[in-house]
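The values are calculated or read from the model by the stated rules, or taken from the named source; none is laboratory data. Keep in mind the model is a prediction, meaning the values are calculated, not measured. FYI the Cβ positions are ideal-geometry reconstructions off the backbone, even for glycines, and counts take in every protein chain you see. SASA here: full protein model, heavy atoms, side chains in, ligands and nucleic acids out. Shrake-Rupley method; radii C 1.70, N 1.55, O 1.52, S 1.80 Å.
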Amino acid sequence: MKLTDLIPLNGRTKRPVHLTRMGFGGAPLGNLYRKVSDEDAQDALLSAFDVGIRYFDTAPQYGLGRSEERFGRAMQMFGAGNIVLSTKVGRLLLDCEPDEVTPESFVDVPQKRIVFDYTYDGVMRSYEASKSRLNIDHADILLVHDVCAFSQGSQEASDVKVRELFDGGGYRALVELRDAGDISAIGAGVNEWQVCETLLGLGDFDCFLLAGRYTLLEQEALETFLPLCERRDVGIILGGPYNSGILATGAVEGARYNYVPAPAPILERVRKIESVCQAHGTPLIAAALQFVFGHPCVKTVIPGAVSRGELLANARLLEVDIPAGLWTDLKREGLIRADAPVPKDN
């Protein structure tokens, strides 16, 4: 498998969307946790293009527009027709007083505050603002951002936002944009597969950007969600293949699992998985990155990278030859589900 391998997002969009097996996620370029200079941000984007990545994802949330603006400068060099670009709706960025800025996990951000808005007007305003920051006429994929319980704080709050999306006209706005050819595909970018399943019960979505939730450590999505995606021809863009760190670092001190310090049971499970990987001469991180491609719905993966070195390292991981016996042993020891499809199964 190579980074540059192209695969269709699905087989039913009016305008076909083809993704490289690895994409570039724009959150770090919004100064996630630490400041990234404009020069380093442009170097990361151009390096991604140079190594063959042709799928790029960003969002208004990332640095309160800073990531989109940085993407916009790079777009002029890439040429919009040479890449597939996704951005997101659901957060409006409004001018505000200094004490009203809502940076979330981003640093050195513009003087803006976030207002969640999943209504018809909110979706249209968000998309227009994104196009302006990105210097584009249209995006390829438009994703509803963070209607999940993880991001909204509770299941009740998530349910309210999902109702707003449908009752307030946000979903209708997405469909209108797709039907008019302004975008090719619609979906959601979330941290939980359960809300994706809910959305599929309410509307016609083409894809989901799922942050984690289907990894070497988590395969509950195999029970109902991923089979539904197969039946409906829905593509999965997988973010967070390392569960926010631990499947890249191993069970080291301070390892993070889903954005927080890994608890003892997770640390122990990762040690066991890593032991099997070592027995087969395979780096844990390579097994984690390639495992997700065993499922036919997973079309591309977007691991974090903010430098040419990290991009090249990720590209090499996709080409590591992993013996079939590794997956067999992981199943035999109960470390991954027995029904989990593995690479070369499809």
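A few comments on the model shown:
- Approximate shape of segment 177-247 as ellipsoid semi-axes (Cα gyration tensor, √5λ), whole Å, largest first: 23, 14, 9
- Distance (nanometres) between label positions extended 7 Å along Cα→Cβ at K344 and D167: 5.2 nm
- Rounded to whole numbers, the Karplus 3J(HN,Hα) couplings from phi for segment 107-112 are 10, 6, 9, x, 7, 9 Hz, using 6.51 cos²θ - 1.76 cosθ + 1.60 with θ = phi - 60°, and x at Gly and Pro.
- Solvent-accessible area assigned to carbon and sulfur over segment 32-106 amounts to 46 percent, based on a 1.4 Å probe.
- Residue by residue, segment 263-271 carries 3J(HN,Hα) couplings of x, 4, x, 5, 4, 5, 5, 5, 4 Hz when phi is fed to the Karplus relation 6.51 cos²θ - 1.76 cosθ + 1.60 (θ = phi - 60°); x denotes Gly or Pro.
- Counted charge near N10, where neighbours are those whose Cβ lies closer than 14 Å (Asp, Glu -1; Lys, Arg +1): +2
- Counting only protein chain heavy atoms and rolling a 1.4 Å probe, the accessible areas of V276, V160, V101 rank, largest first, as V160, V101, V276.
- Listed candidates (1) 67, 56, 32; (2) 55, 43, 38; (3) 72, 52, 49 - label of the one calculated as Cα extents along the principal axes in Å: (2)
- Under 5 Å, built H, 5+ apart or other chain: amide partners of N258: S244, G245, I246
- Segment Y259-N82, length gained on full extension (0.36 nm per residue, minus Cα span): 60.4 nm
- Approximate shape of segment 76-179 as ellipsoid semi-axes (Cα gyration tensor, √5λ), whole Å, largest first: 23, 20, 12
- Excluding ligands, DNA and RNA, the accessible surface per residue across the chain is 40 Å² with a 1.4 Å probe.
- The peptide list 247-253, 294-300, put in order of mean Cβ contacts within 10 Å with the highest first, becomes 294-300, 247-253.
- Area accessible to solvent at R70, 1.4 Å probe radius, in Å²: 10 Å²
- GluC sites (Glu not before Pro) within segment 64-121: DSSP coil, no more than 16 neighbouring Cβ in 10 Å: E104
- The string of couplings for segment 198-208 from the Karplus curve (6.51, -1.76, 1.60, θ = phi - 60°) is 4, 4, 5, x, 10, x, 9, 9, 8, 6, 9 Hz, one whole number per residue in order, with x for Gly and Pro.
- Exceeding the 26 Å Cα-Cα cut-off - candidates K88/K112; K35/K299; K299/K331; K35/K161: K35/K299; K35/K161
- Potential lengthening between S37 and D233 on full extension [0.36 nm per residue; Cα-Cα distance subtracted]: 66.6 nm
- With every protein chain in place, segment 113-210: carbon and sulfur % of accessible area (1.4 Å): 46 percent
- Highest to lowest packing among 148-158, 186-196, 215-225, scored as the average C-beta count within 10 Å: 186-196, 215-225, 148-158
- Relative contact order, percent, the chain [alpha-carbon distance under 8 Å, six or more residues apart]: 17 percent
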